[in-house]
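First comes the structure, then the notes that go with it.
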Amino acid sequence: MAMTNHDRVGKALDLLREGLRPFVERELKAQYGKYWITECTTNWRNELTWPEGQEEPQLDASSLLRLMWDQWNEVFRKTLRFAERSLVSELRDSRNKWAHQNVFSGDDTDRALDSAQRLLTAVSAPQADEVGKMKMELRRLIFEEQGRTERRRSTGTAIESHVTGALKPWRASATSWRAALHRFL
């Protein structure tokens with residue numbers, strides 16, 4: 001079964017989670033120490049999921065992006081540029097659209113994949129390469145679809161111009177039919 005744009009964005013978010021987690025944890029631990037999660041999430045309404053027997057919560061892409069956004073001034077602006085903060089914002093928006101089952105156009109999907117790749121590259125995560133491959137595959141598919149659409153348009157136009165050029169105006173056809181009918185009767 002072919003992968004949908006929604007599936008592509010979901011896969012990119014999984015890779016983003018894998019790539020961001022070590023970076024986010026390292027930076028927050030350096031700033032706040034062992035109890036970084038308590039320090040960073042004190043004002044959060046929703047509780048994080050703590051897997052049984054583990055010392056740290058299960059952080060999904062949404063949680064990691066929110067941590068980066070909330071802790072930007074205190075932690076992440078020291079190692080990342082303002083452009084990466086914009087990527088965090090875009091990716092939070094893409095993640096929310098994905099979670100609420102919104103439809104992703106080819107352009108929206110390309111933008112989400114590009115933003116994920118750029119952020120992963122900024123934190124030196126190896127997952128950036130896989131997201132980049134997904135982005136290039138999507139662009140190839142979009143390009144092929146555009147080519148098929150153009151061929152259909154050009155073929156349809158050629159048929160129309162050929163047919164319309166050979167037909168007489170409808171009034172001339174009606175007059176000749178009337179004359180033929182009078183001769184017959």
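We did not get these values from a lab; they are worked out from the coordinates using the rules stated. A quick note: this is a predicted structure, and the numbers were derived from the prediction, not measured. Cβ: placed from backbone, ideal geometry, glycine included. Neighbour counts: every protein chain shown.
Per-structure values
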quantity	calculated
Shape category assigned to segment 24-102 from the gyration tensor of Cα positions, a/c cut at 1.5	oblate
Sorted peptide list for 19-29, 82-92, 100-110, criterion being average Cβ within 10 angstrom, highest first	19-29, 82-92, 100-110
Top of 152, 81, 171 by mean-square fluctuation, Gaussian network on the chain, Cα under 10 Å	171
For segment 75-87, Karplus couplings with θ = phi - 60° (6.51, -1.76, 1.60), whole Hz, Gly/Pro x	10, 7, 5, 6, 10, 10, 8, 5, 4, 5, 5, 4, 5
For segment 143-155, Karplus couplings with θ = phi - 60° (6.51, -1.76, 1.60), whole Hz, Gly/Pro x	4, 4, 5, 5, x, 4, 5, 5, 5, 5, 5, 5, 5
MRE, 222 nm, helices only [DSSP H, n ≥ 4, -39500 (n - 2.57), over the chain, to nearest 500]	-24500 deg cm²/dmol
Backbone HN-Hα couplings from phi across segment 114-125 [Karplus 6.51/-1.76/1.60, Hz, Gly and Pro as x]	5, 5, 5, 4, 5, 5, 5, 5, 4, 9, 6, 8
Residue 140 paired with residue 101, simple spin-label distance in nm, labels 7 Å along Cα-to-beta-carbon	3.2 nm
Net charge dipole size for segment 27-128 [Lys, Arg +1 and Asp, Glu -1 on Cβ; Debye, nearest 20]	320 debye
Stretch gain in nm, segment residue 54-residue 11, where the contour uses 0.36 nm per residue and the Cα spacing is subtracted	13.0 nm
Candidates 96, 46, 73: whichever shows maximal mean-square fluctuation once the chain is modelled as a Gaussian network with Cα springs under 10 Å	46
Structure-derived log10 I(q)/I(0) by the Debye sum over Cα atoms at q = 0.08, 0.11 Å⁻¹ - corresponding label in [x] -0.27, -0.51; [y] -0.21, -0.42; [z] -0.42, -0.60	[z]
Approximate spin-label separation residue 121-residue 18, in nm, with each point projected 7 Å along Cα-to-Cβ	2.0 nm
